[in-house]
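First the structure, in the form of structure tokens, and then the observations on it.
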Amino acid sequence: DSGVTQTPKHLITATGQRVTLRCSPRSGDLSVYWYQQSLDQGLQFLIQYYNGEERAKGNILERFSAQQFPDLHSELNLSSLELGDSALYFCASSVEAGEQETQYFGPGTRLLVL
Amino acid sequence: GEDVEQSLFLSVREGDSSVINCTYTDSSSTYLYWYKQEPGAGLQLLTYIFSNMDMKQDQRLTVLLNKKDKHLSLRIADTQTGDSAIYFCAVRGGSYIPTFGRGTSLIVHP
């Protein structure tokens with residue numbers, strides 16, 4: 001158990017809908033990362049937050065957004081969902097955001113868009 | 001940007017050693033990681049190595065780094081059926097964000 005929790009574990013929804021995925025980092029970790037894992041794209045970095053502020057952006061679509069709250073939990077919002085958004089979404093956390101930081105991953109949320 | 005390559009599958013017999021290989025392109029990579037993903041689970045950090053090291057051993061795991069060839073390997077001694085999983089190589093350079101390989105599926109058969 002990495003100490004990172006994600007809810008829900010599974011999510012089934014329809015195209016065009018909007019969903020929110022939630023992540024609680026390990027106790028004491030200030031940095032949160034979101035990743036998307038799909039069969040064709042592998043593990044893709046989406047976005048990183050550090051202590052409430054956006055720190056780095058990767059291959060995140062405009063239909064997706066995220067935030068990190070004062071209690072350090074983070075939410076990833078996915079809107080206007082398409083079939084291709086079906087994937088595993090992982091959250092990871094680390095203490096800070098420096099070079100030496102190692103990321104610890106949550107169990108993921110499996111999203112299925114029908 | 002960084003590119004990280006791994007072979008997709010490796011099949012070994014229980015009790016043998018497994019060697020999973022990874023190549024990367026960015027010579028400024030400073031931190032190199034191995035993660036394990038079991039079915040239905042998240043990625044679990046197995047071990048990592050800094051670029052100023054050539055080798056790191058941790059129980060049954062041995063990581064070898066050849067900086068000249070930009071090649072990283074993970075050796076698992078006495079492989080068990082419980083080692084069956086997908087193994088990801090990840091590499092990080094100047095940015096805080098690691099680049100992951102596509103993962104190698106390790107299949108251990110009796």
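The values are calculated or read from the model by the stated rules, or taken from the named source; none is laboratory data. Remember, it's a predicted structure, so these values are computed and weren't measured experimentally. Please note: Cβ atoms are built from the backbone with ideal geometry, for glycine as well, and neighbour counts cover all protein chains shown.
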Can you give me the ranges of the strands (runs of 3 or more DSSP E) entirely in the stretch A:39-114 with at least 1 residues that are within 14 Å of another protein chain (Cβ to nearest Cβ)? A:42-50, A:53-57, A:87-94, A:109-113
Quick check: is even one residue across the stretch A:6-29 within 22 Å of B:S95 (Cα to Cα) and not in a loop (DSSP other than H, G, I, E, B)? no
Do you know which residues across the stretch B:82-110 are over 19 Å from B:L10 (Cβ atoms), part of a strand (DSSP E or B), within 11 Å of chain A (Cβ to nearest Cβ) and β-branched (V, I, T)? B:T99
Can you tell me which of B:T79, B:T47 is farther than 21 Å from B:Y31 by Cβ and either at pLDDT 95 or above or not in a helix (DSSP H, G or I) (or both)? B:T79
I want to confirm something. Restricting to the stretch B:1-44 and keeping residues that are part of a strand (DSSP E or B) and among the hydroxyl-bearing types (S, T, Y), which single residue is modelled with the lowest pLDDT? B:Y31
Return only the number of the condition from (1) free of Cβ contacts under 8 Å to residues at least 40 places away in the same chain; (2) in a loop (DSSP other than H, G, I, E, B); (3) more than 14 Å from chain A (Cβ to nearest Cβ); (4) not hydroxyl-bearing (S, T, Y) that B:L64 does not satisfy. (2)
Criterion first (closer than 22 Å to B:Y31 by Cα and surrounded by fewer than 16 Cβ atoms within 10 Å (Cβ to Cβ)) does A:K57 satisfy it? yes
Across the stretch B:18-77, the tally of residues that are touching a His at 6+ places or on another chain (Cβ under 6 Å) and within 20 Å of A:D1 (Cα to Cα) stands at 0
Among the residues of the stretch B:21-59 satisfying the criterion of being within 10 Å of another protein chain (Cβ to nearest Cβ), touching a residue at least 40 places away in the same chain (Cβ under 8 Å) and hydroxyl-bearing (S, T, Y), which is surrounded by the most Cβ atoms within 10 Å (Cβ to Cβ)? B:Y35
Residue pairs within 8 Å by beta carbon, gap of at least six or interchain, first lying in the stretch A:24-44 and among the basic types (K, R), second not in a loop (DSSP other than H, G, I, E, B), listed first then second, are A:R26/A:S93; A:R26/A:Y104
Scan the stretch B:51-59 and give yes if some residue there is of a type outside the set (A, V, I, L, M) and within 18 Å of B:T104 (Cα to Cα), otherwise no. no
Could you count how many residues in the stretch A:60-114 are in contact (Cβ under 8 Å) with a residue 40 or more places away in the chain, over 18 Å from A:T13 (Cβ atoms) and among the β-branched types (V, I, T)? 1
Hey, among B:T99, B:T104, which residue is among the hydroxyl-bearing types (S, T, Y), buried (at least 20 other Cβ atoms within 10 Å of the Cβ), touching a Cys at 6+ places or on another chain (Cβ under 9 Å) and touching a residue at least 40 places away in the same chain (Cβ under 8 Å)? B:T104
